[in-house]
1. Filter region 122-160 for residues that are in a loop (DSSP other than H, G, I, E, B) and hydrophobic (A, V, I, L, M, F, W, C); which is farthest from the chain's Cα centre (by Cα)?
2. Testing GLU109 on (1) surrounded by fewer than 20 Cβ atoms within 10 Å (Cβ to Cβ); (2) over 21 Å from ALA21 (Cα atoms), one condition comes back false. Which one is that?
3. In this structure, is PHE34 among the hydrophobic types (A, V, I, L, M, F, W, C), under 18 Å from PRO146 (Cβ atoms) and either in contact (Cβ under 8 Å) with a residue 12 or more places away in the chain or touching a strand residue (DSSP E or B) at 6+ places or on another chain (Cβ under 8 Å) (or both)?
4. Any chance you could count how many residues in region 134-162 are among the basic types (Lys, Arg) and free of Cβ contacts under 8 Å to residues at least 24 places away in the same chain?
5. Quick one: LYS99 ticks every box in (1) touching a residue at least 60 places away in the same chain (Cβ under 8 Å); (2) not in a loop (DSSP other than H, G, I, E, B) except a single one, so which number is it?
6. I'd like to check something: does region 37-51 contain any residue that is among the charged types (D, E, K, R) and in a loop (DSSP other than H, G, I, E, B)?
7. In region 9-22, how many are on the phi < 0 side of the Ramachandran plot and exposed (fewer than 12 other Cβ atoms within 10 Å of the Cβ)?
8. From the residues in region 70-104 that are β-branched (Val, Ile, Thr) and at pLDDT below 95, which one is nearest to LEU152 (Cα to Cα)?
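The values are calculated or read from the model by the stated rules, or taken from the named source; none is laboratory data. This one's a predicted model, so the numbers in the text were calculated from it and none came from an experiment. Cβ placement follows ideal geometry from the backbone for every residue including glycine, while neighbour counts extend to all protein chains displayed.
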Amino acid sequence: MAACSEPTTLPSGAVAVSGPAPHVSGSLIEGGRFGSVDYRGRTLVVNFFNPFCAPCAEEQPVLERDWRRLRARGVLFVGIHYVGGQWPRSVSAARSYLKRMGVTYPVLEDPESSLARAFAIQGLPSSVVVDRRGRLRFRILGRVRPGEVEDLLARVRESAKD
């Protein structure tokens with residue numbers, strides 16, 4: 001009765017998802033490229049943001065703290081500069097935002113919103129947890145709260161034991 005020992009409710013804003021994760025690759029805002037060689041075999045937290053999104057700015061310190069704490073465990077965070085709809089593309093604004101927020105994980109441009117479409121992103125901020133086998137596990141619509149990513153990662157580890 002493993003289900004009895006595992007909480008059945010997810011953190012607010014999180015939903016379970018499944019299927020293969022889209023390939024995450026592209027140009028980094030600070031220069032260089034990012035692709036599957038950078039994350040193969042690692043758990044991945046993908047965060048979609050825009051520098052003009054107030055809730056994105058509210059969650060950013062939480063994401064950075066989580067990244068600094070969890071990267072030693074093989075978890076990789078990657079930001080995606082979301083553009084389209086009401087969200088403008090401004091690489092200079094994104095660079096300023098990342099510097100101001102002290103973001104140290106890789107951040108990609110998504111100028112055609114192809115990654116956002118591939119991940120079926122509906123709004124900002126949004127984050128997706130991908131397990132080390134490249135499978136979608138959780139989607140968070142809205143800002144990430146303290147402890148939320150670690151809670152979801154614990155669920156990913158538990159299910160990997162099955």
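1. Residues of region 122-160 that are in a loop (DSSP other than H, G, I, E, B), as a first pass: 122-125, 131-134, 142-147.
Checking the rest, the ones that are also hydrophobic (A, V, I, L, M, F, W, C) come to 124, 144.
Working: LEU124: 11, VAL144: 10 Å.
Looking at residues that are in a loop (DSSP other than H, G, I, E, B) and hydrophobic (A, V, I, L, M, F, W, C), I get LEU124.
2. (2)
3. Details: among the hydrophobic types (A, V, I, L, M, F, W, C): yes; under 18 Å from PRO146 (Cβ atoms): no; either in contact (Cβ under 8 Å) with a residue 12 or more places away in the chain or touching a strand residue (DSSP E or B) at 6+ places or on another chain (Cβ under 8 Å) (or both): yes.
Answer is no for this residue.
4. Residues flagged as among the basic types (Lys, Arg) and free of Cβ contacts under 8 Å to residues at least 24 places away in the same chain within region 134-162 amount to 2.
5. Against the list (1) touching a residue at least 60 places away in the same chain (Cβ under 8 Å); (2) not in a loop (DSSP other than H, G, I, E, B), LYS99 comes up short only on (1).
6. Within region 37-51 (the criterion being among the charged types (D, E, K, R) and in a loop (DSSP other than H, G, I, E, B)), the answer is yes, since at least one residue qualifies.
7. 5
8. Out of the qualifying residues, it is VAL83.
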